[in-house]
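Since every read-out is calculated from the coordinates, none of them should be taken as a lab result. Here the structure is a predicted model, which is why all the values come from computation and not from measurement. Using ideal geometry, Cβ is built from the backbone for each residue, glycine included, and neighbour counts are taken over all protein chains shown.
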Amino acid sequence: MSELIRLESIVKAFDDTVVLNGINLSVAENEFVTLLGPSGCGKTTTLRIIGGFERPDEGRVFFDGKDITDLPANQRPINTVFQNYALFPHMNVGENIAFSMRVRNKSEAYIKDKIKYALKLVNLDGFENRRIDQLSGGQQQRIAMARAIVNEPRVLLLDEPLGALDLKLRQEMQYELVRLKKELGITFLYITHDQEEALTMSDKVVVMNEGYIQQEGTPEQIYDEPVNAFVADFIGDSNILSGQMVDEKLVRINGIDYPCIDGSEQGFPPGRPVDVVIRPEDIDILPYGEGLFNGTIISKLFIGVHYEMLVESEDGKIEWLLQNYDQHDVGEKIGMHVDPENIQIMHKPKSDAESAMELDL
Amino acid sequence: MKKVFGRIYILIIMMFLYLPILTLIVLSFNKAKSMSVWKGFSLKWYEELFSSRIMMGAIANTFSIAILAALIATIVGTLAVLGMAAMKQKTENVLMAFNNIPMLNADIVTGIALMLFFLMIGAPRGYCTILFSHATFCIPYVILSVKPRLNKHTDSLFEAALDLGASERYAFRKIVIPELKPGIMSGFLLSFTMSVDDFIITYFTRGAGINTISTLIYSQVKVGIRPSLFALSTIIFVVALVVLITVNLRQSRQEAAMAR
């Protein structure tokens, strides 16, 4: 897959607030890339810079090898599905879809065919003459898609397009988007704060926070091997604990030693303080005393598929979050076990001073 | 019982509102000049109205000033709104505060202030000074009715148009202007009615020998009102009524279409 979009050390500040701190990003042709992060992390600004609505203070934007940093939005072969859809309220559905073609003076016969094709693609045949305010939120979302793709852009930017829809519709639209992407064969750059959306649809997930890219990788990599506590916390539920390496492939958390699969080779020599992530579904429940560590169940919630339990360690210092299909009662004493490969060791976040010292070395 | 009481109540209110106007309409068709004696039906006051050059002049002045002033205020106000949108929020808020003051200000103060201003710069008072004054006091109302139409939503529509390949000029013409249109229309109509209605500011900024309907009536009060003015008032009332009914009918027809 060849590279289609490349961001090179993008910096952007609004007034005195730095929103992007040197973003480097590469998007390959025909890839589904998701920028994931909490609100205010800079993901929307990144998208707006690619779309041409913001100009970076520093850094360059490349498209298909060409520098497009100074190219205005209306000359970029990129279209956007906006968060609030931005459908033109004084035009009907057909006129909305036709807008980009009318701008380019296409023939009316061509436009008519294209409207039909686009509406069929988003499963809204025959909606040409509807007014925008007659459409439901889900339908408006589809029309926004139709309007953006009718011009055959090479990249489609999607700014939290499912944010305003209810849960059921959102899940349906996730499948729909993946299908659309397959049919169109174009690159999708998707923005969301919803980790589930990011994990289900993307080829590549880019986790952002505070203007930095925290981690980039396949959904599996992001979920199974978060590089720091922020990513682990943001992607799914997890137990994030402070620990220390006590030996090769042995980490001590709250006085108990756990075998793991990381050691000096992975950059975690004995003696190094670390953060440890254990996913709640990776903790197995055993009879009391038979596991690596023990605890008492202090609360229990039924969440559809499984039970979610909080377990307090025996010394009362740690609360573990567990997910299990079996029911256990509050107050029950249990033993717990975690397989070594399910213990994810991460570097502690560095303070600014520490990072500066590292540069000196 | 309750129903009957309610109906009587409404009847009383309606009488308060419309009986005076009805009296005026009836008197405009009175043969006699008297305001208390009915001497039979006649159209002679209407004839007098249409043959009186003073009255026809005042009518022409009133409506031409109203249309021109509303037009100027609408253009200036709309441009001001577009300009303000590009400013920093803080500057914009300060400007809006200044915009709101003239609307709260008493007309008499505005009128005298404008008169003093014209005297100071030595402008000969007449048609142009009235027009200028009317446009001035209408601008804040236009700004107030157009401004809410230009918001984040309009910004994102504009961006969407650019995204779809439109030039800035094309996007402005095809997307922004239609979005502002309801605000521009209501700003224009508001300006027009306020200009027609105005007496105090006109009175202070007009020169000798030029009258609008309101100043003409005022000057005639002193020498005794002629029934031809009743005829004029009747015509204005009927025109306003017809306009109102058409607008309302059209609206309810649109709403019915929407419900379908």
Exercise: per-residue mean of other protein chain Cβ atoms within 10 Å, A:140-150: 1
One finds the C-alpha centres of segment A:271-312 and segment A:20-74 to be spaced, in Å, by 40 Å
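Per-residue Cβ counts within 10 Å, from other chains only, averaged over A:84-91: what number is that?
Working: counts 5, 2, 12, 2, 8, 5, 8, 3.
Per-residue shielding by partner chains comes out at 6.
Per DSSP H run of at least 4 residues, take -39500 (n - 2.57); add these up for chain A, divide by its residues and hand me the 222 nm value, nearest 500 deg cm²/dmol. Kindly include the intermediate steps, with their values, before the conclusion.
Working: 9 runs with 93 residues, N = 361.
One gets -7500 deg cm²/dmol as the mean residue ellipticity at 222 nm.
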Which values of log₁₀ I(q)/I(0), to two decimal places, follow from the Debye formula for the protein assembly as shown at q = 0.08, 0.12 Å⁻¹ with a uniform point scatterer at every Cα? -0.82, -1.23
Partner shielding of A:92-100, as the mean number of partner chain Cβ atoms within 10 Å, equals 2
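Determine the dipole magnitude for the protein assembly as shown: charges of +1 sit on the beta-carbon of Lys and Arg, -1 on that of Asp and Glu, nothing else is charged, the reference point is the Cα centre, and the result goes in debye to the nearest 20.
Numbers: 59 positive and 72 negative charges, 1462 e Å.
It comes to approximately 7020 debye.
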Sorted by Cβ neighbour density within 10 Å, fewest at the top, the residues A:Glu108, A:Glu196: A:Glu108, A:Glu196
What's the center-to-center distance, using Cα atoms, between segment B:147-168 and segment B:172-244 in Å? 36 Å
At a 10 angstrom cut-off on C-beta neighbours, averaged per residue, how do the peptides A:24-36, A:115-127 rank from highest to lowest? A:24-36, A:115-127
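Span-like helices, chain B: DSSP H, alpha-carbon axial extent 20 Å or more, mean Kyte-Doolittle 1.0 or greater, which ones? Don't skip to the end; give the middle numbers.
Details: long enough: B:2-28 (38 Å, 1.82); B:53-85 (47 Å, 1.86); B:89-104 (23 Å, 0.06); B:107-121 (21 Å, 2.38); B:127-146 (27 Å, 1.57); B:177-197 (29 Å, 0.76); B:227-259 (48 Å, 1.26).
The answer, listed by residue number, is B:2-28, B:53-85, B:107-121, B:127-146, B:227-259.
Hey, with R₀ at 45 Å, roughly what FRET efficiency would A:Glu314 and A:Glu172 work out to, going by the Cβ-Cβ distance, to 0.05?
Working: r = 46 Å, r/R0 = 1.02.
Step by step, r from the Cβ atoms, then E = 0.45.
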Between A:Glu220 and B:Ile245, the FRET efficiency computed from the C-beta separation at R0 = 60 Å comes out, to the nearest 0.05, as 0.30
Quick check on the exposure proxy: order B:Thr78, A:Thr80 from fewest to most C-beta atoms within 10 angstrom. B:Thr78, A:Thr80
Under a plain spin-label model, where a point goes 7 Å from the Cα along Cα-to-Cβ, how far apart in nm are B:Tyr170 and B:Ile236? 4.9 nm
Give the Cα extents of segment B:21-78 along the principal axes, in whole Å, largest first. 53, 25, 13
By counting other Cβ atoms within 10 Å of each Cβ, how are B:Val81, A:Val11 ranked from fewest to most? A:Val11, B:Val81
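In this model, which of A:Lys114/A:Lys168; A:Lys43/A:Lys204; A:Lys114/A:Lys181; A:Lys300/A:Lys348; A:Lys12/A:Lys43 are farther than 20 Å apart at the alpha-carbon? Working shown, then result.
Working: A:Lys114/A:Lys168 30 Å; A:Lys43/A:Lys204 15 Å; A:Lys114/A:Lys181 18 Å; A:Lys300/A:Lys348 31 Å; A:Lys12/A:Lys43 12 Å.
Beyond 20 Å: A:Lys114/A:Lys168; A:Lys300/A:Lys348.
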Anchor B:Lys31: lysines whose Cα lies under 20 Å away (excluding residues fewer than 8 positions away in-chain): B:Lys39, B:Lys44
